[in-house]
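Accompanying notes for the structure given below.
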Amino acid sequence: MSFSFKDHELTYGPKTVLKNLHLHIQPGEHVAIIGESGVGKSTLLKALREQQASTSAWCPQQPGLVPMLSCLHNIYMGRLDQYNFLINLKQLLYPSAKIRTEIASIAIKLGLEHELQQAAEQLSGGQQQRCSIGRGLFSKKSILIADEPVSALDEFQALKVLDVMKHHFETMVIAFHDIHFARHSCKRMIALKNGGLYFDKQIDTVTDDELKEVYRST
Amino acid sequence: MFKATSSSHALIQVTFLMIGLAFVAFLFSDIAIHTSQPWFELSLMLKGFAQPVFMSWHTLWPALCKTLSFAIQGVVCSALLGFILALFFNYTWIRLLASFSRAIHELFWALLFIQIAGLSPLTGFLAILIPYTGVFAKVFSEILDECDKEPERSLSLNPPNLSLFLYTRFFMCWEQLKNYLSYRLECGLRSSAILGFVGLPTLGFELESFFKQGDYAEAAGLLYLFFILIISLKYVFKVTLLPFYVVAAFLYLPPVASGSWTLMWGFITHDIVPAPLRTGDWLGFLDWCKTLCLNSAFKGVFNSLILAQIALVCTGVMSLTLFPFRSALFFSKPWRFISHSGLIVLRSCPEYLLTFISLLIFGPSMLPAIIALSVHNSSIIAHLLALQSAQLKLQIDVQVGFNRYFYEVLPRLYGNFLALLFYRWEIILRETAILGMLGIPTLGFFIDSAFEDIRFDRALFFILISAILNMTVDSISVFFRKRLHIHSQPELV
């Protein structure tokens with residue numbers, strides 16, 4: 001499974017955000033997307049997600065948790081589409097031991113083992129973000145598409161969580177605000193500027209001047 | 001005419017339009033005190049209310065249990081059906097079905113079912129079930145629509161399935177759905193009680209007999225008991241215990257009827273079919289419609305609209321006057337407690353009953369109906385406005401008293417107030433029709449007369465006209481709320 005755009009145009013509402021888009025992402029690649037706010041990162045992620053709707057896990061910028069459900073249930077929701085309604089209903093009322101163990105092992109990796117029974121609305125911003133990542137990990141999908149998934153975490157935690165993600169997902173496309181995190185977790189970097197791709201290259205070949213140029217207003 | 005805006009200019013425009021219409025309606029209305037000795041009757045009534053007599057437990061118990069049973073069965077089953085309909089509310093025919101079922105008052109449904117199933121438990125059950133299903137479908141769909149969709153979007157791009165719905169929207173709306181259900185249980189108790197007015201064996205049956213015979217002390221005792229029942233509902237009825245109550249209600253009063261199929265078939269295929277159509281006379285049918293419209297229906301519609309318009313404006317004025325007494329922004333705790341209790345009593349008293357009492361005092365005119373509708377509806381809106389005023393964040397140094405009311409609070413709440421008022425417009429109109437059964441010549445009067453004359457075809461014709469009228473006013477109300485961009489949670493008391 002791969003992502004591919006050939007001379008594509010992406011719009012946000014009535015506005016064209018990205019023009020003449022040529023992009024190909026192979027399975028197994030870990031790709032970082034950077035660019036100024038409003039340049040079209042989220043629009044591109046949305047379009048990627050539409051290409052692989054059933055095989056990709058999704059971590060939005062605002063973790064779409066259900067406030068009154070426990071952290072455990074919110075993580076479980078990653079697999080809602082893989083079980084039938086009756087099983088999902090049963091897990092809601094009484095999660096099975098197998099599911100509990102599986103979710104607990106993910107929670108340990110994310111440092112959420114003590115928060116599993118808490119309602120999502122009682123979690124801090126960082127905990128909510130990790131819960132949303134936990135949902136992605138639990139979904140058993142090989143592709144992760146994420147929009148600034150560690151923006152609410154401190155550096156130490158963010159790097160730890162990014163490591164977990166890196167080892168878990170075969171393919172990742174993540175929009176980053178922080179270049180340091182992008183360099184840590186991805187091998188390829190795509191920069192967006194002026195309604196198109198500014199560069200698309202291996203991350204270790206990207207120079208500081210190129211990065212400065214990405215964020216310089218025109 | 002009105003731009004899609006909630007600017008104060010548009011809100012004032014609509015307010016003046018409503019007041020203007022009410023003034024015109026007032027010119028055509030019949031408002032006069034007809035009773036020769038209203039104050040004598042009133043003093044007797046007050047004396048009765050000061051010295052209430054309570055019925056013997058032996059007589060009271062069955063009526064009480066039946067009132068509760070009808071309410072619980074009807075409300076819970078209609079909530080379930082309404083919930084299912086709410087999930088498919090994007091289909092026009094479902095919206096129309098729900099709108100039609102709630103456009104006909106529960107007493108009219110009862111009158112129809114009495115012809116088929118007699119004064120049986122089934123009649124009481126269906127009379128609540130059908131209109132309440134329409135109400136639940138509408139309100140539940142609004143609650144589900146307003147829910148935050150982000151969790152749903154974050155999970156899947158595929159069409160939402162049942163599991164996704166359960167884990168996201170259902171849970172996020174659960175509190176609101178539950179609150180609305182418990183509010184509707186209170187309404188259900190009122191509806192169940194007034195079913196007694198058409199002969200079903202609930203508290204209203206006893207109440208009507210006491211009032212008609214002038215036994216005000218006994219009536220007062222029963223009414224006090226009814227208030228206690230409604231107030232205690234909040235503490236006694238927990239949603240977790242609801243299954244237990246439902247099973248008990250169905251065991252105590254299984255919704256069955258002993259009516260015969262032949263009778264029912266005859267009712268559907270003959271009695272309610274317009275007389276000329278029974279012989280296939282289509283030209284005669286047109287004449288029949290014309291005569292009914294000219295002689296009765298137009299007059300009924302006209303009176304219903306006049307009454308609803310005056311009552312709507314009176315409700316508005318009373319709501320704006322009453323809500324500060326219940327609001328922490330204006331009055332201290334003891335005052336608020338008294339106002340709160342007063343509003344509960346006023347809204348617990350069914351409009352039908354308030355009209356009945358006002359009729360005894362003022363005699364037959366539109367006045368009793370206007371008083372009853374305004375008192376009942378304004379007590380609900382005032383309560384909701386007071387709750388909303390508690391959410392306002394005012395600066396500490398802002399004005400007090402009248403200045404605070406007119407400069408700080410009213411401008412902020414006015415949009416919500418109009419939304420609530422428009423929301424109750426349809427309800428007020430539905431109630432005006434039903435008050436016709438007490439002799440006020442609205443559509444309900446003609447429906448009731450047709451039933452009394454055993455002319456079921458005419459009764460159904462007028463019921464359908466009243467349904468169309470209510471559905472039209474409902475659409476106008478939705479139009480205004482959308483155009484003015486005013487919005488308020490439905491009647492969550």
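Results, tabulated for the structure shown:
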read-out: Between the stretch B:15-83 and the stretch B:211-238, the alpha-carbon center distance in angstrom; value: 12 Å
read-out: With all protein chains modelled, accessible area of residue B:317 [1.4 Å, Å²]; value: 90 Å²
read-out: Rounded if a/c under 1.5, otherwise prolate or oblate - the stretch B:57-259, Cα gyration tensor axes; value: prolate
read-out: At least 20 Å along the helix axis (C-alpha) and Kyte average at least 1.0, DSSP helices within chain B; value: B:8-28, B:57-87, B:121-145, B:216-236, B:298-326, B:366-390
read-out: Relative contact order of chain B, pairs being alpha-carbon contacts under 8 Å that are 6 or more residues apart, as %; value: 23 percent
read-out: Förster radius 60 Å - calculated FRET efficiency between residue B:452 and residue B:178 (Cβ-Cβ, nearest 0.05); value: 0.90
read-out: Euclidean distance of C-alpha centroids, the stretch B:358-389 and the stretch B:393-439, integer Å; value: 13 Å
read-out: Cβ-Cβ FRET estimate between residue B:84 and residue A:155, R0 fixed at 41 Å, reported to 0.05; value: 0.25
read-out: Over chain A: helical MRE at 222 nm, DSSP H runs n ≥ 4 each giving -39500 (n - 2.57), nearest 500; value: -11500 deg cm²/dmol
read-out: C-alpha center-to-center spacing [the stretch A:19-92, the stretch B:287-346] in angstrom; value: 50 Å
read-out: Environment charge at residue B:413 (Cβ cut-off 14 Å; Lys +1, Arg +1, Asp -1, Glu -1); value: +3
read-out: Accessible-area value, residue A:55, 1.4 Å probe, nucleic acids and ligands omitted, Å²; value: 40 Å²
read-out: Cα gyration tensor shape for chain B, rounded if a/c is under 1.5, else prolate or oblate; value: rounded
read-out: Given A:109/A:140; A:46/B:149; A:6/A:46, the pairs whose alpha carbons are separated by over 19 Å; value: none
read-out: Cut-off under 5 Å, modelled amide H: who pairs with residue A:199 long-range; value: A:191
read-out: Partner chain coverage, peptide A:64-73 - average Cβ within 10 angstrom; value: 4
read-out: Sites residue A:98 and residue B:475 - FRET efficiency at Förster radius 45 Å, r taken between beta-carbons, to 0.05; value: 0.25
read-out: Percentage relative contact order, the stretch A:17-170, counting C-alpha pairs under 8 Å, at least six apart; value: 35 percent
read-out: Length-normalised contact order for the stretch B:57-259 - Cα pairs under 8 Å, 6+ apart - percent; value: 33 percent
read-out: Accessible-area value, residue B:236, 1.4 Å probe, nucleic acids and ligands omitted, Å²; value: 70 Å²
read-out: Where B:138, B:149 fall by accessible area, highest first, once all protein chains stay in place (1.4 Å); value: B:149, B:138
read-out: Chain A: angle of helix A:125-138 to the longest principal axis, Cα-based, in degrees nearest 10; value: 80 degrees
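The values are calculated or read from the model by the stated rules, or taken from the named source; none is laboratory data. What you see is a predicted model, and the numbers here were worked out from it, not measured in a lab. Cβ coordinates were reconstructed from backbone atoms using ideal geometry, including for glycine residues, and neighbour counts include every protein chain displayed. With ligands, DNA and RNA removed, areas are computed over all heavy atoms of the protein, side chains included. Shrake-Rupley method; radii C 1.70, N 1.55, O 1.52, S 1.80 Å.
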